[in-house]
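Written below as structure tokens is the structure these notes are about.
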Amino acid sequence: MSSEIFAWPTDTRRITSGYRTIERPTHHGIDIADPGKHPIFASASGRISRSYKSDSYGECIFMEHQINGQIFETVYAHMQTGSRAVSVGEKVSQHTQIGVMGNTGDSNGQHLHFELHKGKWNASKTNAVDPLKYLEKSMAVLSKSNNKTQTLYLPKDAKTWTVYKLDRPPVKNNKANWAGVLKPSKFGGLQYEVLDTPYRDIVTIQTRDFGKVNIYVASGTGAVMR
Ligand SMILES: [Zn+2]
């Protein structure tokens, strides 16, 4: 388990809002949302630097990490009331559950607001970085390193499937990040060779109409990878 890699902080990969998007330039983290109960995990090993309830962050935990001499700080916000499972000063290893996804503080609907700071957190968030650039790559990357070519199948009952520009975070609500919309049903389903896996559950494919794009293929979407 490498501490150089930040692990995904919950068990769902559905990103509903990206880092400093055009619509939300002051959104200094990413939002990950799904209904149901979702544990929040320590993204890397480290020390709990804050654990409190704020009007904006709600029930939140901050963690400090030392990675190859560089300090990072992660923030996990809007947790369920009473779910914070660690206290300030505690040393916690990567993947440890520290809370449960919730809807506390300034939040409309259950989600995890996750921030990553290169350096310490500060009120003006000057050290914030895009978590998607640091979070672990998908399992599909591991299978690719075994020299297995994977094919992505989009089912014929799917009417539309959004694809994303390679240089933008794949955020569904942010149309500026869209490269286009595929129409699997029109073609009795579609299939593509998987070229890369830039993020967990996101793969890169070559499309006829939009060129090279990223596409969200998590289980539950109906996408099949073989
Ligand atoms: Zn957020």
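The values are calculated or read from the model by the stated rules, or taken from the named source; none is laboratory data. Treat the numbers as computed from the prediction; the structure is a model and nothing was measured. Because the Cβ atoms are built from the backbone with ideal geometry, glycine has one as well, and the counts that use them run over all protein chains shown. For the accessible areas, the whole protein counts, side chains as well, though only heavy atoms, and no ligand, DNA or RNA atoms are used. Shrake-Rupley method; radii C 1.70, N 1.55, O 1.52, S 1.80 Å.
Roughly how many Å² is the accessible area per residue of the chain, as a whole number, for a 1.4 Å probe?
50 Å²
Which pairs in the list 133/156; 125/212; 133/212 are over 30 Å apart, alpha-carbon to alpha-carbon? Display every interim value, and only then the final one.
Numbers: 133/156 32 Å; 125/212 33 Å; 133/212 19 Å.
Going by Cα-Cα distance, 133/156; 125/212 fall outside the 30 Å limit.
If N is the number of residues in segment 1-131, what value comes out of its Cα radius of gyration divided by 2.2 N^0.38 Å?
On the way: Rg = 13.3 Å, N = 131, 2.2 N^0.38 = 14.0 Å.
Taking the Cα Rg and dividing by 2.2 N^0.38 Å, one obtains 0.95.
Need one value: the accessible area of residue 34 in square angstrom, 1.4 angstrom probe, rounded to the nearest 10.
Counting only protein heavy atoms, the figure is 40 Å².
For the chain, with equal point scatterers placed on the C-alpha atoms only and solvent neglected, what are the log10 I(q)/I(0) values from the Debye formula at q = 0.08, 0.15 1/Å, to two decimals?
Those come out to -0.31, -1.00, one per q.
At 1.4 Å probe size, with the rest of the protein present, what percent of the exposed accessible area of the chain is carbon and sulfur atoms? Write out the running numbers ahead of the final one.
Values: 5330 of 11190 Å².
After summing per-atom areas, the C and S share lands at 48 percent.
Taking 7 Å along the Cα-to-C-beta vector as the label spot, tell me the residue 55-residue 150 distance in nanometres, rounded to one decimal.
4.5 nm
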